[in-house]
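Values quoted throughout were computed directly from the atomic coordinates according to the rules given, and no laboratory measurement underlies them. What you are looking at is a predicted structure, and each value in this text was computed from that prediction instead of being measured. Counting neighbours? That spans all protein chains shown, and the Cβs are built from the backbone with ideal geometry, glycine included.
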Amino acid sequence: MKNVIITGSSGLIGSACVEKFLKEGWHVNGVDNFTREKLFGKEADTHGNLDSVKKEKNFTNIESDIRNNEVITPLIKEADAIVHLAAQPSHPRSLEIPMEDFQINAFGTLNLLELTRKYNPDIPFAYMSSNKVYGDYPNFYNYTTIENGVYRRYENTALESFDEYLPIDGCGHTPFGVSKAAADMYCQEYAINYGMTTATFRGGCLIGSHQKAVEMHGFLGFFTKQILLKNKLFVYGGGYRVRDNIHSSDVAEVLYRWVTKPVPSQTGKFGKPYNLGGMRANSVSIYETIAAIEAKTGLKANFENAPERESDHLWWISNMSRFKNDYPEWKGPKKDLDYIFNELLQNWIDLLHLNVTLKEPHYFQELRK
């Protein structure tokens, strides 16, 4: 039986990866120190995300920091793969804690890479990076404003989506974007000059029912909760901003495919960065998000515009052509926007014991006919 280390195992993507690798017959060592609660408060606690797998005989739950070498080194020596997901995930929060952000994201990743290089250099090492490595460079493009019924969004006048050739410097990032970029580049470096098998996955809006969303991280999960509770929302930088959303199970599928069949670059070396997102089919603006939640719940959102957040993207749609070319059997995300919205809303309705019945389950499918 193969053995995988999944760091950040109790998080949204971590718990999805734990479930995926267990399903495929792997033994999973899940490593997490539950820092999310410390960073964002009790509502961000992720302890419950692993309840469904804790009794699995092939799952070992290890509460530890990824910088604790006494714990991590023996695990790496016995591993067949590493899926590194542990992170400080919020760019607004990073402005408040730049040193801790660096320690977790940049140094933590480098520490894992160096231990792997020393003790088990031949195993695949998948790193969950971020589209924030591109900073606010996407904002240098020209955008037009679309106002067509419920379609209210920015649209890029030059590109359909962003690929991995988008520059990452000469722009603002926040400390989070810088620390993720440093970790991303270290993963590439350890492949190019140390010969390790690495890849980085530059995710954007990753979503699913296990997301413990807060205002500083996880806009879609946070919006659904706030509207259901009839709480006021603040829309930072205006509602025309566009994000593409990908479900956590689809992220886990992408990572699993790479881990089980890593594809090198044309030079024969690894270290490829891959953009990872829901692409155009799963793209939605903030205003469109609010309209969809209102239609699906029958509730009216209470929101107001607020100042723009530092180095935030005006518009982001992922181009995943590189991953598709390497894995032609992968046909794209399986979970569409209706699935994502319906699951999030129903999850909050059940957890909060709300008297709300979902409507229009095929809202986006009907809208785009």
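If the chain linking Asp163 and Glu56 were pulled fully straight, counting 0.36 nm for each residue of separation and taking away their Cα-Cα distance, it would gain 34.6 nm. Computing Rg and the Kirkwood Rh from the Cα coordinates of the chain gives a ratio, Rg/Rh, of 0.95.
Taking the square root of 5 times each eigenvalue of the Cα gyration tensor, what semi-axes in Å does the equivalent ellipsoid of region 147-301 have, largest first? Numbers along the way, then the final one.
On the way: eigenvalues 226, 58, 47 Å².
So the equivalent ellipsoid measures 34, 17, 15 Å along its semi-axes.
Report relative contact order for region 77-132 in percent, whole number only (criteria: Cα-Cα under 8 Å, sequence separation at least 6). Mind dumping the intermediate values first?
On the way: 34 pairs, mean separation 34.7, N = 56.
Taking the mean separation of contacting Cα pairs over the length of region 77-132, I get 62 percent.
Positive-end ranking of Phe222, Phe34, Leu352 along the dipole of the chain, with charges on Cβ about the Cα centre, is headed by Leu352. Between helix 248-260 and the chain there is an angle of about 30 degrees, using the helix long axis and the longest principal axis of the Cα atoms. The long axis of helix 69-78 is offset from the longest Cα principal axis of the chain by roughly 80 degrees. Between the alpha-carbon centres of region 297-369 and region 62-93 there is a gap of 29 Å. Computed from the alpha carbon atoms alone, the convex hull of region 169-238 holds 118 Å³ per residue. Classified by the C-alpha gyration tensor, region 281-341 has an oblate form. Its axis ratio a/c, with a ≥ b ≥ c, is 1.5 or above, and a/b does not exceed b/c. Considering only Cα-Cα distances, which of the following residue pairs are longer than 29 Å: Lys20/Lys232; Lys2/Lys42; Lys23/Lys334; Lys2/Lys269; Lys225/Lys334? Violating the 29 Å limit, Cα to Cα: Lys20/Lys232; Lys2/Lys42.
Overall shape of region 323-369 was characterised from the C-alpha gyration tensor. The equivalent ellipsoid obtained from it has semi-axes of 30, 15, 5 Å, in decreasing order. With everything on Cα atoms, drop me the angle between helix 286-297 and the longest principal axis of the chain, reported from 0 to 90° to the nearest 10. Between the helix axis and the principal axis of the chain, the angle is about 70 degrees.
Evaluated with a Cβ-only charge set (Lys, Arg +1; Asp, Glu -1), the chain carries a dipole of roughly 560 debye about its Cα centre, given to the nearest 20.
Placing one equal scatterer on every Cα of region 217-289 and applying the Debye formula, the log10 ratio I(q)/I(0) at q = 0.15, 0.23, 0.24, 0.25 Å⁻¹ is -0.68, -1.08, -1.13, -1.18. The alpha-carbon atoms of region 101-188, seen along their principal axes, cover 57, 24, 23 angstrom, with the largest extent given first.
The packing ranking, built from the mean of other Cβ atoms within 10 Å per residue, places the peptides 62-75, 3-16 in the order 3-16, 62-75, highest first.
With R₀ set to 56 Å, the beta-carbon distance separating Asn142 from Glu24 gives a calculated FRET efficiency near 0.80.
Relative intensity of region 1-93 on a log10 scale, I(q)/I(0) at q = 0.20 Å⁻¹, equals -0.92, per a Debye sum over C-alpha point scatterers of equal strength in the absence of solvent. Listed peptides 143-156, 316-329 appear in the order 316-329, 143-156 once ranked by packing, highest mean of other Cβ atoms within 10 Å at the front.
Going down the list Lys331/Lys369; Lys54/Lys132; Lys57/Lys272, which pairs span over 25 Å between their C-alpha atoms? Long pairs (Cα-Cα over 25 Å): Lys54/Lys132; Lys57/Lys272. For region 65-148, the ratio of Cα radius of gyration to the globular rule of thumb 2.2 N^0.38 Å stands at 1.47. In region 233-369, the ratio of gyration radius to Kirkwood radius, Rg to Rh, stands at 1.04 when only Cα atoms are counted.
Expressed in nm to one decimal, what extension gain is obtained for the pair Asp122 and Thr73 from 0.36 nm per residue of sequence separation less their Cα-Cα distance?
16.1 nm
Its DSSP H runs of at least 4 residues, each contributing -39,500 (n - 2.57), put the calculated 222 nm mean residue ellipticity of the chain at -10500 deg cm²/dmol, to the nearest 500. Inverting the pair-averaged 1/r between distinct Cα atoms of region 56-212 gives 17.5 Å as its Kirkwood hydrodynamic radius.
Relative contact order of the chain, taken over Cα pairs closer than 8 Å and 6 or more residues apart, is 18 percent. Sequence-distant contacts, meaning Cα pairs under 8 Å at least 6 residues apart, place the relative contact order of region 9-123 at 25 percent.
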